[in-house]
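Notes to accompany the following structure.
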Amino acid sequence: MGDTTQGAAPAHYELKARSMSELIDATFKLYRDHFGPLLALSAVTFAPTAVADWFLERPDPTSLAQIGSVLESFGIAVPLLILGGLLSGGALADATLAIYQGRDWTLGASLARTLRLLPSLIWIGILWVLGLGLGFLFFVVPGIYLGMAWSLWLQVVLVEGKRGGAALGRSRALVRGALRKIGWLFLAFGILALALHVGLGALLPDAGTGMHGLHFLVRQLLNVVMAPLYPALLALLYFDGRIRHEGYDLEVAVAAPPAGA
C-alpha cells in the first residue's frame, strides 16, 4: 500500500501531565481524530496475528496424528504471533507518537521504520518476555509489576533510540510514581475489550451450528478496531512521564526528529 494512506493534518494535542480520566479521554480523542488511517494501519499489520490465531484453533488432539498437527500449528503460530505483535505494536506506536507530537506520518513510513527496527524490537521483546515470565513464576506480583514498569519500552525505542535493557530501565524510570494509575488504566481497557468480545459473541449465532468462521472473522475485526487504542494510551503515558519527571518541552518535542528516522 506504500505511503498512500496518510494521517490527517497535524492536530494540536496539549503536552501536559494528565489524570486517569484525562488520559482515557485523550486516548479516544486521538483515535477518533485519526480513525481511518489508524484503522488501515492496524488492518495491514494485524494479518500475521490473524493467521496465527487460525492455526491455534485446530481441533484438540485425540490421536497421535492430531497431536503432530497441533505441534506443527504451534510451530507456525508462535513466530507469527511474535512477528504480528511487534509489527502491529511498533507501527501503531510510531503513528500515535507522531500524531501526538503533531508530525506528519504515513502508513508506509511507520511500517518501514518498524521493519528497520525489528531486530532490536525482537531482542528487547525477548528480554521483556523472560523478565515477565520469571516475575510471574515468583508469586505473580513481580510479573504484574514488571508488566507495568516496562510498558513504555517501545515508545522509548522509537522516540529516544535506546536499546536492550536500557530501554526497559528507561521505561521503569518514566512510570515511577504512576504505577497505580497505569494499573487501573490497563484494567479498564482490558475490561472494555473483554466486554466487547463477550457482547458481540452473545449476539452471534452459536459457533457450533457451522458459524465458526463467522465468529473467527468478527473476533479478528474487533481486534483490528481495538488495536490502536493501546498504543495511543501508551503514547500519552510516555509523554505524561516525561512531563512529570523532566518538564518535557513542547517545542523540543515537535522539532526533534524521531530516533532512528
Quick one: what Rg and Dmax do you get for the stretch 106-183 from the alpha carbons, in Å? 13.5, 43
Compute from the Cα atoms of the stretch 129-240 the Rg and the Dmax, the latter being the longest Cα-Cα distance, and quote both in angstrom. 17.4, 51
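Can you tell me the FRET efficiency between L115 and F189 if r is taken as the Cβ-Cβ distance and R0 is 22 Å, rounded to the nearest 0.05?
Result of the calculation: an efficiency of 0.25.
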Among the lysines, select those whose C-alpha is under 22 Å from the C-alpha of K16, and discard any that sit fewer than 8 residues away in the same chain. K29, K181
Neighbour-limited loop hits for chymotrypsin sites (Phe, Trp or Tyr not before Pro), the stretch 82-141 (at most 14 other Cβ within 10 Å; DSSP other than H, G, I, E, B): F138, F139
Taking K16, K181 and counting other beta carbon atoms within 10 angstrom, the fewest-first order is K16, K181
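Readers should treat all values here as calculations from the given coordinates under stated rules, not as data from a laboratory. For clarity, every value in this text was computed on a predicted model and none was experimentally measured. Counting neighbours? That spans all protein chains shown, and the Cβs are built from the backbone with ideal geometry, glycine included.
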